Amino acid sequence: MAKKQNSDGGSVVIVVKNLSPGPRDYPLTDGSSIYLSPRGKGIAWPEISPEQVSDALRLAEKKGSIQLIEKNSPATPKEVNE
């Protein structure tokens, strides 16, 4: 599956933010899972590709347990050979 690309050549990622006071664990579409630390812990939220967003994550977002935030990651810089 091709990655979704933004206009500057970077790809789109989904940031998964836990809005619940306790830790959470959700399955992803590729068979793996994602662990989310409790809300309010000074951590970086995990980023996944749009293809990995499962029905369980969509349902949790609908219920208000998590927030899925679309983010554009910058294009990978090309190597410069001098």
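The values are calculated or read from the model by the stated rules, or taken from the named source; none is laboratory data. Fair warning: this is a prediction, and the values are worked out from it, not measured in the lab. Cβ coordinates were reconstructed from backbone atoms using ideal geometry, including for glycine residues, and neighbour counts include every protein chain displayed. Areas reflect the complete protein model, heavy atoms only, side chains present, ligands, DNA and RNA absent. Shrake-Rupley method; radii C 1.70, N 1.55, O 1.52, S 1.80 Å.
Show the residue pairs that are 6+ apart or on different chains and have beta-carbon atoms under 6 Å apart, the first residue being within the range 41-69 and outside any helix (DSSP H, G or I), the second being of a type in the set (Lys, Arg).
Close Cβ pairs (under 6 Å, with a partner that is of a type in the set (Lys, Arg)) amount to TRP45/LYS17; GLN67/LYS17.
I'm told PRO38 meets every condition in (1) at pLDDT below 90; (2) open to solvent by 30 Å² or more (accessible area, probe 1.4 Å) except one. Can you identify the failing condition by its number?
Here PRO38 meets the rest and fails (2).
Could you list, in sequence order, all residues of the range 33-58 that are out of contact with any strand residue (DSSP E or B) (no Cβ under 7 Å at 6 or more places or on another chain) and under 23 Å from ASN72 (Cα atoms)?
Across the range 33-58, the qualifying residues are GLY42, ILE43, ALA44, GLU51, GLN52, ASP55, ARG58.
What pairs come out if I take residues in the range 1-23 that are over 20 Å from ARG58 (Cα atoms) and of a type in the set (Ser, Thr, Tyr) and pair them with residues that are modelled with pLDDT of 90 or more and open to solvent by 20 Å² or more (accessible area, probe 1.4 Å) whose C-beta lies under 8 Å away, six or more apart or interchain?
SER11/SER49
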